[in-house]
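Okay, structure first, notes after.
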Amino acid sequence: MFSGLRGARADLATMNRLFPEAERLAHRDGIDEPGAEHLLIAALDLLDESGRRALQEFGIDGNQVHEAMIAQHQEALHGIGIGADDNAIDALVPPPQRPRGPYRSTPAAQALFRRATELARRDRSPLLSGHVVLAATEVNHGTLARIFDHLAIDPHHLKDIVEQALAASRPGS
Amino acid sequence: MFDKVPDPSNTEEALAAVVALRRLADRLELATVQAAIDQGWNWVQIAQALGVSKQAVHKKYARRVSRHLG
């Protein structure tokens, strides 16, 4: 059983790894506060295999999620006739600084983390990358939904795959 | 200048364009502040150009941009 103080401590430890990495990824993109998409990619990079394994079923890894994020923003801009030179901007964006002070993130990232921890509690499990992916599949609008659309991933199908991956990662399964 | 205005009846696309524009503006602002610092601009000049206070621009970017001294 994974609950109570031990669970809260483990979630805090996970948060202490996840949020600085999400912030680093956002800063690398030239964005001040990490969005839900940065948190998702950080979870795939840092946490256990469950999320990565589920996305691998679709032939997708964390880098491709990041590329899809950039691509769907470009598509949205093209839709209103704007073509920005991302490479020219990237060349000037300073490298990420080491995070300092309290974690900062967008409400979307905070909501994704809250939902992922709820799903972990449901499973009486520490927070796994699969829980973050599962929470992401429940977001019907915005950048996360557009990333899955760009990658031709059916979120309902991904949800089923992640649930299986999470079930397989439970002790005694 | 937009070539097209987002079709307000296509809410999903219009909102995605807003998100992408915000992201582009944030990236462009950071990149341009870095370029300005590289060219020797000071915080007062950058604040004036952005139409914000010196304190606001310093707080937002002082730790974020690289200073190449010497």
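Just to be sure before I move on: is A:Ser105 in a loop (DSSP other than H, G, I, E, B), more than 27 Å from B:Ala20 (Cβ to Cβ) and either away from chain B (no Cβ under 11 Å) or of a type in the set (Asp, Glu) (or both) in the structure I sent?
no
Filter the range A:68-85 down to the residues that are in a helix (DSSP H, G or I) and out of contact with any His (no Cβ under 9 Å at 6 or more places or on another chain) and list them by number.
Within the range A:68-85, A:Ile70, A:His73, A:Gln74, A:Ala76, A:Leu77, A:His78 qualify.
Find the residue count for the range A:60-89, including only residues that are within 8 Å of another protein chain (Cβ to nearest Cβ) and β-branched (Val, Ile, Thr).
3
Here is a list: A:Ala76, A:Ala26, A:Ala71, A:Ala91. Which entry is under 16 Å from the mean Cα position of the chain (by Cα), at pLDDT 90 or above and on the phi < 0 side of the Ramachandran plot?
A:Ala26
Just to be sure I understand the filter: pairs with C-beta atoms under 7 Å, separated by 6 or more residues or on different chains, first member in the range B:25-44 and more than 7 Å from every other protein chain (Cβ to nearest Cβ) and under 16 Å from A:Asp29 (Cα atoms), second member in a helix (DSSP H, G or I) and at pLDDT below 95. Which pairs pass?
Short answer, once both residue conditions are applied: B:Val33/B:Tyr61.
Which of the residues spanning the range A:123-154 are assigned to a helix (DSSP H, G or I), within 14 Å of the chain's Cα centre (by Cα) and not small (Gly, Ala, Ser)?
Of everything in the range A:123-154, those that are assigned to a helix (DSSP H, G or I), within 14 Å of the chain's Cα centre (by Cα) and not small (Gly, Ala, Ser) turn out to be A:His131, A:Val132, A:Val133, A:Leu134, A:Thr137, A:Thr143, A:Leu144, A:Arg146, A:Ile147, A:Phe148.
Answer yes or no: is there a residue in the range A:135-155 that is over 21 Å from A:Arg52 (Cα atoms), surrounded by 14 or more Cβ atoms within 10 Å (Cβ to Cβ) and touching a His at 6+ places or on another chain (Cβ under 6 Å).
no
Any idea which of A:Leu55, A:Leu18, A:Leu39 is at pLDDT 95 or above, in contact with a Phe, Trp or Tyr (Cβ under 8 Å, 6 or more places away or on another chain) and either aliphatic (A, V, I, L, M) or surrounded by 22 or more Cβ atoms within 10 Å (Cβ to Cβ) (or both)?
Result of the check over A:Leu55, A:Leu18, A:Leu39: A:Leu39.
Residues of the range A:28-49 being under 15 Å from A:Val132 (Cα atoms), hydrophobic (A, V, I, L, M, F, W, C) and within 12 Å of another protein chain (Cβ to nearest Cβ), which ones?
Hit for the range A:28-49 is A:Ala36, nothing else.
Looking only at the range B:6-33, which residues are among the polar types (S, T, N, Q) and at pLDDT below 95?
Within the range B:6-33, B:Ser9, B:Asn10, B:Thr11 qualify.
Please tell me if A:Ile31 is modelled with pLDDT of 95 or more, hydrophobic (A, V, I, L, M, F, W, C), more than 13 Å from the chain's Cα centre (by Cα) and not in a helix (DSSP H, G or I).
no
Residue under question is A:Arg52, and the condition is that it be within 14 Å of another protein chain (Cβ to nearest Cβ) and under 18 Å from A:Thr14 (Cα atoms); does it hold?
When the stated conditions are applied, A:Arg52 does not pass them.
The values are calculated or read from the model by the stated rules, or taken from the named source; none is laboratory data. In this text the structure is predicted, and so the values were computed from the model without any measurement. Neighbour counts run over all protein chains shown; Cβ positions are idealised from the backbone, glycine included.
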